[in-house]
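The values are calculated or read from the model by the stated rules, or taken from the named source; none is laboratory data. Values in this document were obtained by computation on a predicted structure and should not be read as measured data. Cβ sites come from the backbone with ideal geometry, for glycine too, and all protein chains shown count toward neighbours.
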Amino acid sequence: MSPHVLTDASPSASPIAPAIEMHGEPLGENCRRILPRGEHALIGVSAGNSYFNQDRLTALLDWAERSFEDIDVVYVDTALDEMLLADGRTPESAAKSVKATVRDVRRRIKRARERLGPQGARIRVRALSEIMELPGYQAVRWETDRAFREDPEFAATCRALVRDVVEGRSGTGAVTEAHLRAGLAYVQAEAPLFTDCPAIFGVPTSVVLYHMKTPISEYLAGSPEGFRAAPGQGFAIVRPRDWSLARI
């Protein structure tokens, strides 16, 4: 099995919107070996991220469905209220906003799967909070938390991603220590998914699909001397070929 490209002629293109041509590239030499195997893909969907509109999400799931034997979609539902509390929201307001945001992302994923027809049924969808209950996740989380404490380069990379997460939010004003703490909780919860999806999901190899490089994916794909991703962990950039459509 090898990667494919979604074209306008794809039979799975949405009947109510123009098809989006997707293009995928491995990030790093390790992924160049893993990606053609097409064994497992992880798609992380950030709640509230404007990139993941209905058409892009449908095109991404279609590309993945035709390229991988197994697919897990994980949407983030943790540490979202902490960020809103750091914005000065009340606990009640934060909880209400998080509930609405998570409901919206679940709806978009559901509709994207439905657009794929019967093929979409084999795509597994779970919240990050559900994944965090898996023994495999907990074992990998122990390793990533230890690396954060003991490996300065990995810790600096995680903090760089925290900065990206916090500063990428619009309309928040000044970045405070409370924002950074909330962002760190978010990043530490996601870190195991970047380092060892094979152990978490019980697959031989796995590729994390995202539309852009992040500090942690670029760092781990570069084969660092310290803390490293599992040998079977890869990363790929999958986004519309016309990048102007994919700007956040």
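With respect to Arg89, is the statement that it is in contact with an Asp or Glu (Cβ under 9 Å, 6 or more places away or on another chain), surrounded by fewer than 18 Cβ atoms within 10 Å (Cβ to Cβ), assigned to a strand (DSSP E or B) and not hydrophobic (A, V, I, L, M, F, W, C) true?
So Arg89 fails the test.
Candidates Glu177, Glu114, Glu133: the one that is free of Cβ contacts under 8 Å to residues at least 12 places away in the same chain, out of contact with any Gly (no Cβ under 9 Å at 6 or more places or on another chain) and closer than 20 Å to Ile43 by Cα is Glu133.
With respect to Ser217, is the statement that it is touching a residue at least 40 places away in the same chain (Cβ under 8 Å), of a type outside the set (A, V, I, L, M, F, W, C) and touching a strand residue (DSSP E or B) at 6+ places or on another chain (Cβ under 6 Å) true? In short, yes. Examine region 54-71 for a residue that is surrounded by fewer than 17 Cβ atoms within 10 Å (Cβ to Cβ) and modelled with pLDDT under 90, and state whether such a residue exists. Scanning region 54-71, I find at least one residue that is surrounded by fewer than 17 Cβ atoms within 10 Å (Cβ to Cβ) and modelled with pLDDT under 90, so the answer is yes. Apart from one condition, Met132 fits all of (1) among the aliphatic types (A, V, I, L, M); (2) under 20 Å from Ala230 (Cβ atoms); (3) surrounded by 19 or more Cβ atoms within 10 Å (Cβ to Cβ); the exception is (3). In region 38-61, the residues that are free of Cβ contacts under 8 Å to residues at least 12 places away in the same chain form no Cβ pair under 6 Å with any partner that is surrounded by fewer than 17 Cβ atoms within 10 Å (Cβ to Cβ) and not in a helix (DSSP H, G or I), whether six or more places apart or across chains.
Matching residues to (1) within 21 Å of Pro192 (Cβ to Cβ); (2) in contact with a Phe, Trp or Tyr (Cβ under 7 Å, 6 or more places away or on another chain); (3) in a loop (DSSP other than H, G, I, E, B); (4) hydroxyl-bearing (Ser, Thr, Tyr):
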{"site": "Ile34", "(1), (2), (3), (4)": "yes, no, no, no"}
{"site": "Ile43", "(1), (2), (3), (4)": "yes, no, no, no"}
{"site": "Gly48", "(1), (2), (3), (4)": "no, no, yes, no"}
{"site": "Thr58", "(1), (2), (3), (4)": "no, no, no, yes"}
{"site": "Ala64", "(1), (2), (3), (4)": "yes, no, no, no"}
{"site": "Ile71", "(1), (2), (3), (4)": "yes, no, no, no"}
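Does Ser129 satisfy being of a type in the set (Ser, Thr, Tyr), closer than 23 Å to Asn53 by Cα and assigned to a helix (DSSP H, G or I)? For Ser129, the condition - of a type in the set (Ser, Thr, Tyr), closer than 23 Å to Asn53 by Cα and assigned to a helix (DSSP H, G or I) - is met.
Only a single criterion out of (1) modelled with pLDDT of 90 or more; (2) under 28 Å from Asp55 (Cα atoms); (3) buried (at least 18 other Cβ atoms within 10 Å of the Cβ) is not satisfied by Leu80, namely (1). Kindly indicate the residue of region 136-172 that is at pLDDT below 95 and of a type in the set (Val, Ile, Thr) and also nearest to the chain's Cα centre (by Cα) among those meeting that condition. The residue in question is Val165. In region 130-159, of all residues being of a type in the set (A, V, I, L, M) and touching a Phe, Trp or Tyr at 6+ places or on another chain (Cβ under 6 Å), the one that is farthest from Ala199 (Cα to Cα) corresponds to Ala155. Please find, among Val175, Val203, Val187, the residue that is β-branched (Val, Ile, Thr), modelled with pLDDT of 95 or more and either surrounded by fewer than 20 Cβ atoms within 10 Å (Cβ to Cβ) or within 19 Å of Val140 (Cα to Cα) (or both). Sole residue among the options that is β-branched (Val, Ile, Thr), modelled with pLDDT of 95 or more and either surrounded by fewer than 20 Cβ atoms within 10 Å (Cβ to Cβ) or within 19 Å of Val140 (Cα to Cα) (or both): Val203.
Being farther than 30 Å from Phe68 by Cα and out of contact with any Asp or Glu (no Cβ under 6 Å at 6 or more places or on another chain): is that true of Glu133 here?
no
Kindly evaluate Asp104 against the criterion of being among the charged types (D, E, K, R), within 29 Å of Ala185 (Cβ to Cβ), surrounded by fewer than 18 Cβ atoms within 10 Å (Cβ to Cβ) and touching a residue at least 40 places away in the same chain (Cβ under 8 Å). The answer is yes for Asp104.
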